[in-house]
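Structure first, then comments.
The values are calculated or read from the model by the stated rules, or taken from the named source; none is laboratory data. Worth saying up front: this structure is predicted, and the values here are computed from it rather than measured. FYI the Cβ positions are ideal-geometry reconstructions off the backbone, even for glycines, and counts take in every protein chain you see. Heavy atoms of the whole protein, side chains included, go into the accessibility calculation; ligands, DNA and RNA do not. Shrake-Rupley method; radii C 1.70, N 1.55, O 1.52, S 1.80 Å.
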Amino acid sequence: DLLDPDRLIQCPFVKNHHIRACRFPYHLVKCKESNPEIAKKLATCPFNARHLVPSHDLSDHIMKCSDKTSMEQDIVNGSYEPSQEQVKNGSTWQAPPCGEDWETEVLERSNSAFVWGA
């Protein structure tokens with residue numbers, strides 16, 4: 001199952017490394033730093049940064065990449081674009097309700113005078 005976070009993925013830097021899918025991005029960063037000579041020979045897929053292939057195989061990988069086909073399908077379906085309503089209305093984000101009332105706090109504290117050092 002491609003969505004299983006515990007499935008094992010082979011490291012492109014050290015073939016003996018098999019990493020759980022949920023930890024794979026972190027492993028790539030560390031293993032790339034530990035193996036700079038191998039990293040120089042690998043290229044990153046433009047559709048998925050987890051795909052590291054030999055530089056001379058990159059064009060073949062791009063033609064066959066499964067993430068490319070899903071991206072192309074999104075473009076065909078128009079699902080990569082925000083809805084016209086979202087574009088027209090702008091952001092739909094709303095701030096969460098705030099439990100603080102500064103005006104009330106100021107009024108409650110105004111009864112007591114501030115004294116420096118007390």
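Points to keep in mind about this one:
- Ligands, DNA and RNA are left out, and with a 1.4 angstrom probe the accessible area of the stretch 7-73 is 69 Å² per residue.
- LEU42 contributes about 30 Å² of solvent-accessible surface, heavy atoms of the protein only, 1.4 Å probe.
- When the solvent-accessible area of the stretch 8-77 is split by element, carbon and sulfur atoms take up 54 percent of it, the probe being 1.4 Å.
- A Förster distance of 30 Å, applied to the separation of the beta-carbon atoms of HIS17 and HIS56, puts the FRET efficiency at 0.85.
- Placing pseudo-labels 7 Å out from each Cα toward the beta carbon at MET63 and LYS30 gives an inter-label distance of 3.7 nm.
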